[in-house]
Every structure is written in C-alpha cells, then in structure tokens.
1. Considering only strands (runs of 3 or more DSSP E) fully contained in region 62-160, which possess at least 3 residues that are within 15 Å of the ligand (Cβ to nearest atom)?
2. Is it true that some residue in region 208-220 is of a type outside the set (Val, Ile, Thr), under 22 Å from Ser54 (Cβ atoms), more than 9 Å from the ligand (Cβ to nearest atom) and buried (at least 20 other Cβ atoms within 10 Å of the Cβ)?
3. Restricting attention to region 41-60, which residues are farther than 17 Å from Met88 by Cβ, in contact (Cβ under 8 Å) with a residue 24 or more places away in the chain and not in a loop (DSSP other than H, G, I, E, B)?
4. Name every residue in region 171-180 that is in a loop (DSSP other than H, G, I, E, B) and either without any contact (Cβ under 8 Å) to a residue 60 or more places away in the chain or among the polar types (S, T, N, Q) (or both), in order of residue number.
5. Would it be correct to say that Thr226 is within 16 Å of the chain's Cα centre (by Cα), within 13 Å of the ligand (Cβ to nearest atom) and farther than 30 Å from Phe145 by Cβ?
6. Would you say Leu215 is touching a residue at least 60 places away in the same chain (Cβ under 8 Å), touching a Lys or Arg at 6+ places or on another chain (Cβ under 8 Å) and not β-branched (Val, Ile, Thr)?
7. When both residues are 6+ apart or on different chains and their Cβ atoms are under 9 Å apart, which pairs have a first residue that lies in region 235-247 and is closer than 15 Å to Gly181 by Cα and within 11 Å of the ligand (Cβ to nearest atom), and a second that is among the hydroxyl-bearing types (Ser, Thr, Tyr) and part of a helix (DSSP H, G or I)?
8. Among (1) farther than 20 Å from Asp3 by Cβ; (2) surrounded by fewer than 20 Cβ atoms within 10 Å (Cβ to Cβ); (3) over 17 Å from the mean Cα position of the chain (by Cα), there is one condition Ile38 misses while meeting the rest; what is its number?
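The values are calculated or read from the model by the stated rules, or taken from the named source; none is laboratory data. The structure presented is a predicted model; accordingly, all values stated were derived computationally and were not measured. Reconstructed Cβ throughout: ideal geometry from the backbone, glycine too, with neighbour counts over all protein chains shown.
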Amino acid sequence: MVDLAAALRERIEARAPKIALVLGSGLGALVDAVEDPIRIPYADLPGMPRSAVSGHAGEVVAGRVAGVEIVILSGRIHYYEAGDPAAMRPALEALKAIGVEILILTNAAGSVNPAIRPGEVMLIEDHIAFSGRNPLIGEASDARFVGMTTAYDETLRAAMLRAAERAGEGLHRGVYMWFSGPSFETPAEIRMARVLGADAVGMSTVPETILARFLGLRVVAASVVTNMGAGITGAELSHAETKEVAPQGGARLARILAQALPDLAG
Ligand code: HPA
C-alpha cells in the first residue's frame, strides 16, 4: 500500500493531479483526450489491484485534459473477480496519498428506465447497494460509520449538468443499483430494480464510492448505458455488447468531462 503510493508519487507527483478518473468497461477511449500523457502499466506498480476482465486496459494515465491535470485508472477490479468488495481500496488510498481530492467514477450499465437508452449517459445521483456487500466490513474504527446522504457530491453534480449543457450532450440523472455480477440480472430482478427505484444496474462503482467517502474523497459518477436491462427487449445480454456499445456513450461522456473538468477543479 505504502509502496503503491510511493511508486505513483515517484512517477506522477510532479503533475499534482487533484482529480482521478476510474474508467468502466469499454471506456478506455477516454484516455485519448489526455495531453502529454505519462502511462504506467499496472504491472509496474507494486500492490496495484489488477482486473483480468477484457475491455479493461490496466494502466494509469496521468496528463492534462482541458488544461486540468488528472490521473486516470484505465481498468478497475470488480467485486465479482475475487469476492472482495474492498478490492479497489489500495488504489484509492494511493490516490488519496498523492493528493487526489475528487474521484470521478464511470461504468457501463444496463438501463431499467425506458427513457434512458443505450449509448446515453446517466449522472448517478444516488445508489442502492443491492449486493448487500460493504467494503468497510472489518474496518475497526468509528470512521467506518460513513454518512452516505450526499455520497454523490451536489456541487460536482451541478458542474456536470452545466457541462453537458455547454457540450450540447444529453445527461440523464438517476439511481444506480449494484448487483454483484458476473452473471447479468434476470428479467424478474430487473422488474424488481425498477420497483425499488433504480434507473440503471451494474456491477461496480458502489463499493468505490463507499471507500472514497470513507477516505474523504469527493465523488461524482456517471453510467454509460450499453443495453436495456434483461427482459426489456427480449434480447440476451452479453459482455461483447457492453464492449461494443460503451465507446459510443464513452465519447459523449468524454465531451461532457472535457467541459466539466475546469469547473470540477474549481
Ligand atoms: N447489468 C449489469 N451490468 C451491466 C449491464 C447490465 O445490464 N450492462 C453493462 N453492465
């Protein structure tokens, strides 16, 4: 853990990024917008959690987007890979240790809201941790009792909505429900998700948001919708579809983020 922060510090501390961006499945193209990049394969970073999921590159990219220094984690490990909801903790702790203050989380998701379609982007306003897992189980201090009333920072959300308007891109708002995966949901689970108040479903982001709030990072998060939830169209879901559709919404999200970053950086 200490090693990871030290290794990151050595390679990118001079850039002093205050904003980190975690990329979801198939969203690797967001790194194309980075100017003057420093690229570090996760394999070169001791203790960096590595995902074995296809569509997740596995590198840190530090550089400027819209004049703002950011550090991108291109590839994230998921709960379903090893059954550890805190799998991303070392990475988030290292980001905190090098001075990051704001965490932008992205993911690919299924929509359970008929008004939110594949290729579109949804700003996460709130979440439901339906997996029942929590990355802070086992944490010993009172700091584990993290308030989640405004987990998704209101000021940062407002900045994203203004940025989308400037970019001329639609940006839905909604609730993200975390299923453990890796199997997709059943049609009955998707109907349940809708009844319980979800707009999108996915297999990531929620444990990272909880960990980030625990660490005192401000969080803003967005889903790129790659498909309607199981049973809505009748078509079978697949990871191949996620990877194929994600770049379309990813390009939209990249345009919104480019507009938002100067504002987020304050
Ligand atoms: N469900 C869960 N995760 C997903 C989906 C989905 O329909 N699409 C992309 N990631």
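1. Values: elements: 68-74, 102-111, 121-128.
Result: 102-111, 121-128.
2. Start the filter on region 208-220 by keeping residues that are of a type outside the set (Val, Ile, Thr), which leaves 208, 211-218.
Pick out the ones that are also under 22 Å from Ser54 (Cβ atoms) and you get 208.
Checking which are more than 9 Å from the ligand (Cβ to nearest atom) leaves us with 208.
When the remaining residues are screened for being buried (at least 20 other Cβ atoms within 10 Å of the Cβ), the result is 208.
Within region 208-220, one or more residues are of a type outside the set (Val, Ile, Thr), under 22 Å from Ser54 (Cβ atoms), more than 9 Å from the ligand (Cβ to nearest atom) and buried (at least 20 other Cβ atoms within 10 Å of the Cβ).
3. Residue satisfying the conditions is Asp44 alone.
4. Of the residues in region 171-180, the ones in a loop (DSSP other than H, G, I, E, B) are 171, 179-180.
If the condition is that a residue be in a loop (DSSP other than H, G, I, E, B) and either without any contact (Cβ under 8 Å) to a residue 60 or more places away in the chain or among the polar types (S, T, N, Q) (or both), then Phe179, Ser180 are the ones that fit.
5. Criteria met by Thr226.
6. Numbers: touching a residue at least 60 places away in the same chain (Cβ under 8 Å): yes; touching a Lys or Arg at 6+ places or on another chain (Cβ under 8 Å): yes; not β-branched (Val, Ile, Thr): yes.
So Leu215 fits the description; yes.
7. Pairs found: none.
8. Here Ile38 clears every test but (1).
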